[in-house]
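Encoded as structure tokens, the structure appears first; notes follow it.
The values are calculated or read from the model by the stated rules, or taken from the named source; none is laboratory data. The structure displayed is predicted, hence computed values, not measured ones. Positions of Cβ are generated from backbone atoms using ideal geometry, with glycine treated the same way; all protein chains shown enter the neighbour counts. Ligands, DNA and RNA are stripped out before the accessible areas are found, and what is left, the full protein with its side chains, is counted by its heavy atoms. Shrake-Rupley method; radii C 1.70, N 1.55, O 1.52, S 1.80 Å.
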Amino acid sequence: MKVLKFGGTSVGTAERIKHVAGLVSGRGKNIIVLSAMAGTTNTLVEISGYLFKKNVEGAKETINNLERKYFQTIAELYDDAELRNEAEREIKACFNYIRSMTKDVFTSFEEKEILAQGEIMSTLMMHLYMQGIGVNSALIPALEYMRTDKNGEPDMQHIRQRLNNLLDKHPEADLYITQGYICRNAYGEIDNLQRGGSDYSASLIGAAVGAEEIEIWTDIDGMHNNDPRYVEGTRPVERLSFDEAAELAYFGAKILHPMCVQPAKYANIPVRLLNTMDPSAKGTLIGNDSDCGAIKAVAAKDNIIAIRVRSGRMLLAYGFLKNVFETFEAHRTPIDMVATSEVGVSLTIDSDKNLDSILEDLRKFGTVTVDRDMVIICVVGSFDWKNCGFEANVISALKDIPVRMICYGGSDCNISFLVRKEDKVKALNLLSEKLFD
């Protein structure tokens, strides 16, 4: 059994839903994981925003516009009148549920219930379409098995037991269809795995059923060796290790959710990135094996804030770093890069949510300076310290770029640079010329 995940672009229109149905039909008793149709989640967030601000009229108008889009898709998707009517009834019920949220107090709990409707609607439509083309699909509701614990982490024992029980109830099914992204929390409330969480869902499902492989289908043919939005002539990387893929995903390669790699890695299940628009393309295979002795790819992470804390008291003081890192822990703010010297420490964060409070606390330990609008450039490959020359090639490519920080040695597969926002595109192109051309 394989797990096949299709993103919002892959199911964004009636034509693409039909295309995905053709890709998955006849491939065996696999599990199909779907995101919401492209644009749906953003619109549901917009509706929630109106309701938070008590603008009921704005919410209702946006709901109506989105409903019209879905009914147009239904009209194009189903030839059979009975199936078309059933789809209209099911989708109408979802929109009526969203409308019911406009009458009472609106909180983050109701918002998550609204956001869940996108995946529920896309899987309903796919399931009914499969029935229409003679494929006996079984719809497996994610809200009946996908759960997080009190720490917000996936409850794998619950997921494994409940999912396998649900699959066993449909032994006659040709394939199974389920939602990505959505789940319940430890208290039974509707929740989600955050943006991009459908990849994470697919990986958790794959680990729960011991899948042969997890396929992530998007609109690009694998993970490229640089960002095709800024660099011409990029190409897919054929093979990556789990660690290499995780580094690239975290530091800006948007094709894959960063959390997707972990469950597959622990279960040793290969992950293959494929292109819905070009199914014959090889894509990228992620697994325990990888091509050693090579630089694989470059990625960039935007909106980085660099913080430097300098203190003469740090010299020979064992408590300084502890105090600095505990400050970020207290404000629940993760750190990306770290560089230290005898008299200070520089580090980066990617959110300014708690920045003012963090800076106020850090000033207790030394002089604090901040650089905003920075970018982390991450180069992934074989950076084991015994591999001579690899890091020198990367550094020489950036000889004409001002570099604020360098992070090397924390990982055997990553060297990272902090540069100004305005130097990002130039840095990406220089690295491609030096490393890949």
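Values computed for the structure shown
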{"quantity": "Condition broken by F6, with the remaining ones in (1) modelled with pLDDT of 95 or more; (2) over 23 Å from I182 (Cα atoms) satisfied", "calculated": "(2)"}
{"quantity": "Enumeration of residues in segment 250-280 that are among the aliphatic types (A, V, I, L, M), assigned to a loop (DSSP other than H, G, I, E, B), open to solvent by 10 Å² or more (accessible area, probe 1.4 Å) and touching a Gly at 6+ places or on another chain (Cβ under 9 Å)", "calculated": "I255"}
{"quantity": "In segment 326-346, the residues that are within 18 Å of G252 (Cβ to Cβ) and open to solvent by less than 60 Å² (accessible area, probe 1.4 Å)", "calculated": "I335, D336, M337"}
{"quantity": "In segment 245-268, the residues that are over 20 Å from S35 (Cβ atoms) and aliphatic (A, V, I, L, M)", "calculated": "A246, L248, A267"}
{"quantity": "Residue check, E15 out of contact with any Gly (no Cβ under 7 Å at 6 or more places or on another chain), in contact (Cβ under 8 Å) with a residue 12 or more places away in the chain and open to solvent by 10 Å² or more (accessible area, probe 1.4 Å)", "calculated": "yes"}
{"quantity": "Listing of strands (runs of 3 or more DSSP E) fully contained in segment 307-424 that carry 2 or more residues being without any contact (Cβ under 8 Å) to a residue 60 or more places away in the chain", "calculated": "344-349, 414-420"}
{"quantity": "Unique residue being within 26 Å of the chain's Cα centre (by Cα), open to solvent by 50 Å² or more (accessible area, probe 1.4 Å) and over 19 Å from F325 (Cα atoms) when the list is D400, D373", "calculated": "D373"}
{"quantity": "Any hit, segment 201-220, residues being open to solvent by 50 Å² or more (accessible area, probe 1.4 Å), over 28 Å from S280 (Cα atoms) and part of a loop (DSSP other than H, G, I, E, B)", "calculated": "no"}
